[in-house]
Amino acid sequence: MSLEQGDSRNEEADPLDAFRQFFALERDVIVLSAAMFAFSLGFQMTNRYMAEYMSALGATAIVIGLFGTFGNVISALYPYPGGAVSDRIGSRYALTAFGLCSTLGFGIWLAAPLFADVSAGPTSLAIVAVFVGLILAQAWKSFGLGATYAIVKQAVPPSQLAAGFASTETFRRTAFLVGPLIAAVLFFPFGSGDADVRIAFQLILIVALVFGVLGTLVQHFLYEAAEDSFGKEFEGVSQVLTDLRAMPDELRPLLIGDTLVRFSNGMVYVFFVIVVTRFLGVGLSLSMPAVGTVDLSPQSYFGMLLVLEMLVALLVMIPASKAAERVGLKPVVALGFAVYAIFPILLINAPESAAALAVLFAFSGLRFAGLPAHKALIVGPAKQGAGGRVTGTYYLLRNLIVIPSAALGGLIWEGFSNPLTGEAVLAGSPALAFAIATVIGLIGTAYFLLFGEEFEAYR
């Protein structure tokens with residue numbers, strides 16, 4: 001860190017600082033911010049529609065649930081080896097390698113329909129290709145999680161950690177807003193049939209490929225590698241166990257509550273698009289004076305709902321981080337947990353109304369209100385210089401436990417039979433899957449409210 005950056009810790013954290021740095025044309029900020037925007041945009045606008053794409057390729061709810069669980073496995077296991085690779089070869093080459101992998105993953109998803117008629121056991125080779133593509137597409141997303149937390153902790157005073165994280169989240173999630181908007185526009189000319197969904201999603205993947213290539217080229221040729229340091233090899237499982245034992249006691253109630261909330265969300269998150277496009281089948285019809293009637297298919301309208309959700313998120317994160325400085329981190333984090341928990345049961349029981357869904361997704365955006373405060377609560381108790389390890393350990397443990405959530409949700413949604421007798425053990429019930437998810441989420445929220453601790457600097 002430069003001296004100028006180190007001095008900034010005594011200045012007030014500015015949630016808009018990420019944008020100011022970008023427009024000030026600081027080279028390293030431009031490069032990393034551009035890459036972050038490119039890959040976040042590509043992954044967000046594809047991943048939120050993946051269940052719809054897989055359904056159009058013939059996947060069942062159980063297979064879609066397994067895809068969600070597979071993504072959880074990658075999220076849990078990638079950060080540690082990703083960090084080790086970065087230490088060994090340097091940030092520039094690591095960023096380039098991860099960018100190339102993600103771009104190649106988008107390409108495999110694009111080619112998947114070519115293998116829709118090729119059998120691969122109980123499913124098609126197209127579905128297998130979707131799983132393989134995820135291994136690569138999620139590579140860049142896993143880079144530098146702990147380092148980001150540690151840098152923010154070093155750069156701002158403890159009492160303003162939430163505002164510091166609001167700065168990074170505001171910039172990153174701008175891509176989360178733009179991505180679904182592009183997806184909605186590309187879905188607009190098409191209908192709701194499986195063939196239409198395949199074509200529209202392939203157009204989205206082409207856009208993701210373009211952004212992936214641009215992001216990879218920018219970070220490889222413009223990133224300043226002079227400050228790169230090369231560390232030692234990863235010390236193995238013993239290092240992970242040491243970090244787990246060293247986790248601050250204050251984090252354990254937060255970790256338990258957070259894990260239950262994330263498990264509940266993981267059970268149904270991948271199915272949100274299916275609920276809107278196939279279960280409810282809600283689109284939008286608008287009468288515009290200069291244009292006439294504009295009809296949005298359910299797929300296109302889902303993209304607009306995601307835009308609304310993220311717009312609310314961007315509007316509330318900064319005020320919520322400021323509110324946390326007055327009322328403490330715990331109430332703001334609990335608000336986010338509660339929204340996570342309640343949204344599934346509200347969505348699955350929503351009326352077939354475009355206006356009702358708009359209200360619900362705007363409400364869902366409030367879950368991001370607690371995100372900066374949540375990150376501050378994670379890294380706040382860590383000793384100076386240990387923020388990255390504490391963060392990595394926290395997310396590793398949480399993500400490992402959350403791994404089976406999507407598969408469980410898919411199993412309840414689809415139902416299953418006794419393989420020996422063929423008798424139904426559980427009839428498929430989307431409503432039951434979403435109801436169980438809500439109960440688990442509410443238990444996690446209540447546990448955190450009862451036993452969670454406030455970060456001392458906010459008392």
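Rounded to the nearest 0.05, what FRET efficiency do residue 241 and residue 119 have when you use their Cβ-Cβ distance and R0 = 45 Å? Efficiency, from the Cβ-Cβ distance: 0.55.
Per residue, the solvent-accessible area of the range 292-351 (1.4 Å probe, heavy atoms of protein chains only, all protein chains present) comes to 34 Å².
The values are calculated or read from the model by the stated rules, or taken from the named source; none is laboratory data. Given the structure is predicted, the values throughout are model-derived calculations rather than measurements. Backbone-built Cβ (ideal geometry, glycine too); neighbour counts: all protein chains shown. These area figures cover heavy atoms from the full protein model, side chains too; ligands, DNA and RNA do not enter into them. Shrake-Rupley method; radii C 1.70, N 1.55, O 1.52, S 1.80 Å.
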